[in-house]
1. Across the stretch 473-485, what is the total count of residues that are free of Cβ contacts under 8 Å to residues at least 12 places away in the same chain and either surrounded by 12 or more Cβ atoms within 10 Å (Cβ to Cβ) or touching a Leu at 6+ places or on another chain (Cβ under 9 Å) (or both)?
2. Test residue 362 against the criterion of being β-branched (Val, Ile, Thr), over 19 Å from residue 149 (Cβ atoms) and touching a residue at least 24 places away in the same chain (Cβ under 8 Å), and give yes or no.
3. With the structure loaded, tell me whether residue 189 is under 27 Å from residue 135 (Cβ atoms), of a type outside the set (Phe, Trp, Tyr), away from the ligand (no atom under 11 Å from the Cβ) and in contact with a strand residue (DSSP E or B) (Cβ under 7 Å, 6 or more places away or on another chain) or whether it fails that test.
4. Among the residues of the stretch 238-297, what is the count of those that are within 16 Å of the ligand (Cβ to nearest atom), of a type in the set (D, E, K, R) and more than 15 Å from residue 318 (Cβ to Cβ)?
5. Select, from 366, 389, 373, the only residue that is modelled with pLDDT of 95 or more and either in the same structural domain as residue 458 (by the TED database) or surrounded by fewer than 17 Cβ atoms within 10 Å (Cβ to Cβ) (or both).
6. Would you point out which residue out of 278, 264 is assigned to a helix (DSSP H, G or I), closer than 25 Å to residue 155 by Cα and modelled with pLDDT of 95 or more?
7. In the stretch 141-167, which residues are outside any helix (DSSP H, G or I) and surrounded by fewer than 16 Cβ atoms within 10 Å (Cβ to Cβ)?
8. Restricting the stretch 305-332 to residues that are closer than 26 Å to residue 247 by Cα and small (Gly, Ala, Ser), which is farthest from the ligand (Cβ to nearest atom)?
Amino acid sequence: MVGSVVEAEQFVSTKPNANGVMAAQILSVPEFDLAAVIAEPVPPLATTDTNLWEEDEEKKIVLGRNIHTSSLEVTEPEPNDDLTGDKDAYMASVLARYRKTLMERTKHHLGYPYNLDFDYGALAQLQHFSINNLGDPFIESNYGVHSRQFEVGVLDWFARLWELEKDEYWGYITNCGTEGNLHGILVGREVLPDGVLYASRETHYSIFKAARMYRMDCVKIDTLVSGEIDCADFKARLLQNKDKPAIVNVNIGTTVKGAVDDLDLVIQTLEECGFSHDRFYIHCDGALFGLMMPFVKRAPKVSFKKPIGSVSVSGHKFVGCPMPCGVQITRIEHINALSRNVEYLASRDATIMGSRNGHAPIFLWYTLNKKGYKGFQKEVQKCLRNAHYLKDRLIEAGISAMLNELSSTVVFERPADEEFVRRWQLACQGNIAHVVVMPNVTIDKLDDFLNELTEHRAAWFQAGKTQPCVESDIGRENCLCPLHK
Ligand SMILES: *Cc1c(COP(=O)(O)O)cnc(C)c1O
């Protein structure tokens, strides 16, 4: 027989209980408890020295729970399963419970920049097909079950957004923002093989991963308190490596603080240091805000009319695609340096991955058609408004907080309880945490969160925890710790 599944824990109310007791069971997350069927010992949790991408900064970080304590064991079918139907019933019950967990976890999600507000019911009919866009989006492969017509339609839309003519761009729908970054940096390196990679300290780890994968020299540039690249430091570093071309990653929204690097100042700095346009390559990492920035007044413009080489964006973040994906756009002349023809595909290999998700372009196409430019503009405005609301309420409550002008990422002091962090799925780094206000994050949800946070916080402080100082993270003017307020 199949292993027994212990009932999922009770679903918990979203409000703390009346007497303010923050017992673990109130915060616990409903989950499968399969401890009963796990026969093997669980590997220990790594605790230190595992920050692979930051060898120079040994930091103590809190890793998530070990999934091996709750994983769903695969059980072999029994000879009579077809007759008894036991296995089917077991699987149906696991899936039904999993669905409930997903609903609960979706309700309490604030920390990652994923727009969870969508309805793709119309596309359900397509899940019966193995849609794969392997190879170059612009060259039909021999594999016929593809969605290139949707993919290229979506790419045209993005190329127009970033001001590159149809016959001057090349791009593809990636499996995620990371793949766009890996591709952008690779194109940069192929164009400038002995280039040095420059990226700010607050750049996403995928850029440093690219540097390691491609064994490139990489220079980390200091950041301002806001999280933007510090162009004074950039200038000093450029001048130290004047004999080598520069490959520069520019952040259109950093992961932790939502900071937007000043693209125009980066270009100006390169020019001032004597780098002609053929001696630098700029990749814009717009994973987070690439599709929000065009709709923010006063925001620096990302445009191929400027001397940039590539732009990438994630499709599952602000856009709200239910599977990870992204868009990468570059100049067509660059891609010819990188690609190889592959007879087996009757197509050209210019992408990082081989097989590519053919469903993702259809989801993107569907959303772009439904919302359009105007729809995104409205959603961006709503996100910025709600982010300001959250920041103001945090400060009213005496909680240190910061919100960059062009951003919907609200940074604040890290809650003193990892269970609380997990419950609201907050992303943390050092003494700070953040909420990324996406279109599905309503004022009601923010109120629930704020009420819970302030009540818990009072209990944490009663229990002897102290308010952390976040001066070094978000600046003295935003720090409300006892020393700085
Ligand atoms: C999320 C993010 C990425 C990576 O995107 P994935 O889609 O998660 O691979 C890259 N850069 C920035 C700034 C991000 O916020």
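The values are calculated or read from the model by the stated rules, or taken from the named source; none is laboratory data. Bear in mind that the values here come from a model prediction, so they are computed numbers and not experimental data. We place every Cβ from the backbone using ideal geometry, glycine too, and count neighbours over all the protein chains shown.
1. Of the residues in the stretch 473-485, the ones free of Cβ contacts under 8 Å to residues at least 12 places away in the same chain are 476-477.
If we keep only those that are either surrounded by 12 or more Cβ atoms within 10 Å (Cβ to Cβ) or touching a Leu at 6+ places or on another chain (Cβ under 9 Å) (or both) as well, we get 476.
Of the residues in that region, 1 qualify.
2. Details: β-branched (Val, Ile, Thr): yes; over 19 Å from residue 149 (Cβ atoms): no; touching a residue at least 24 places away in the same chain (Cβ under 8 Å): yes.
So residue 362 does not fit the description; no.
3. Working: under 27 Å from residue 135 (Cβ atoms): yes; of a type outside the set (Phe, Trp, Tyr): yes; away from the ligand (no atom under 11 Å from the Cβ): yes; in contact with a strand residue (DSSP E or B) (Cβ under 7 Å, 6 or more places away or on another chain): yes.
In short, yes.
4. 3
5. On the way: 366 fails: either in the same structural domain as residue 458 (by the TED database) or surrounded by fewer than 17 Cβ atoms within 10 Å (Cβ to Cβ) (or both); 373 fails: modelled with pLDDT of 95 or more.
Every option except 389 fails the conditions.
6. Details: 278 fails: closer than 25 Å to residue 155 by Cα.
Sole residue among the options that is assigned to a helix (DSSP H, G or I), closer than 25 Å to residue 155 by Cα and modelled with pLDDT of 95 or more: 264.
7. Residues of the stretch 141-167 outside any helix (DSSP H, G or I): 141-147, 162-165.
Scanning the stretch 141-167 gives 142, 144, 145, 163, 165.
8. Ranking the qualifying residues of the stretch 305-332, first place goes to 309.
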